[in-house]
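*Asks:* Got a structure for you, written out below as structure tokens; questions coming shortly.
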Amino acid sequence: MSGLNITNPIKAGSFRAMCDLSLGTADWQDLSSADFKDSATGEALASGYKFAWIGVVNLSLDGVAYVKYRARVAADDTTDNELPILPYSLHSDDIGTLTAEVTTISVKKPADLDSLYVIAGFDF
């Protein structure tokens, strides 16, 4: 903390990237940096980067989406105690502030035809 009683900024990652899951299944899907397109270059990111920040946009009008900061066990994992993203809303989190290093997340759409977007910041 600085002498002015403000906190230092949280770094949101060296890369900003996006993953469109609109055409995907409603099962749990694992995502790592290689699944994302770099917004500055348009190229796929390399594998192995750690998540610094995420935003999950659920454009379903009536279904809840979910995110967890680890890989799924199976496609039909339960949603019990996972982070919900309400219909037509955004979940945003500074994952880089966690004590665990997160290199894989898993997300679940409400239904196959629903649109779900994951925006993320990554670091090496």
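*Asks:* Residue farthest toward the positive end of the dipole of the chain, with Cβ of Lys/Arg at +1 and Asp/Glu at -1: which of Ser92, Ile105, Val73?
*Replies:* Going by the Cα projections, it comes out as Ser92.
*Asks:* Of Gly48, Ser32, Ile10, which is farthest on the positive side of the dipole of the chain, counting Cα position, with +1 on Lys and Arg Cβ, -1 on Asp and Glu Cβ, and the Cα centre as origin?
*Replies:* Ile10
*Asks:* Oh, and also: For Asp77, which sequence-distant residues (separation of 5 or more, or a different chain) have an amide H within less than 5 Å of its own amide H, given hydrogens modelled in the peptide plane?
*Replies:* Trp28
*Asks:* Residue by residue, what Karplus-based ³J(HN,Hα) values in Hz, rounded to whole numbers, does the stretch 93-105 have, using 6.51, -1.76 and 1.60 with θ = phi - 60° and x for Gly and Pro?
*Replies:* 7, 8, 5, x, 8, 6, 6, 8, 7, 9, 10, 9, 10
*Asks:* Given H placed on each backbone N at 1.01 Å, which residues far from Ala44 in sequence or on other chains put an amide H within less than 5 Å of it?
*Replies:* Asp38
*Asks:* Still on this structure, I have one more. Determine, for the chain, the count of lysine pairs separated by eight or more sequence positions (or lying on different chains) whose alpha-carbon distance falls under 19 Å.
*Replies:* Eligible lysine pairs with Cα atoms under 19 Å apart amount to 5.
*Asks:* Can you work out the Karplus-derived ³J(HN,Hα) for every residue in the stretch 15-28? Use 6.51 cos²θ - 1.76 cosθ + 1.60 with θ = phi - 60°, whole Hz, and x for glycine or proline.
*Replies:* 10, 10, 8, 9, 9, 9, 9, 4, 8, x, 6, 8, 6, 4
*Asks:* For a quick check: with amide H placed at 1.01 Å from N, whose amide H comes under 5 Å from Leu83's, ignoring anything fewer than 5 positions away on the same chain?
*Replies:* Val67
*Asks:* Provide the packing ranking of 48-60, 64-76, i.e. peptides ordered by the mean count of other C-beta atoms within 10 Å per residue, highest first.
*Replies:* The packing order, highest mean first, is 48-60, 64-76.
*Asks:* Reported to two decimal places, what Rg/Rh ratio describes the stretch 85-124 when computed on Cα atoms with Rh from the Kirkwood expression?
*Replies:* 1.00
*Asks:* Between Ser14 and Leu61, what is the FRET efficiency for a Förster distance of 35 Å, r being their Cβ-Cβ separation, to the nearest 0.05?
*Replies:* Efficiency at R0 = 35 Å is approximately 0.50.
*Asks:* Go through the stretch 72-84 residue by residue and turn each phi into a ³J(HN,Hα) via Karplus (6.51, -1.76, 1.60, θ = phi - 60°); whole Hz please, and just put x for glycine and proline.
*Replies:* So the J values, rounded to whole Hz, are 6, 8, 8, 4, 9, 3, 5, 9, 4, 6, 9, 7, x.
Quick note: the coordinates plus some simple rules give every number you see, no bench work behind them. The model shown is predicted, which means the values in this text are computed figures rather than measured ones. Virtual Cβ from ideal backbone geometry, glycine too; neighbours counted across all protein chains shown.
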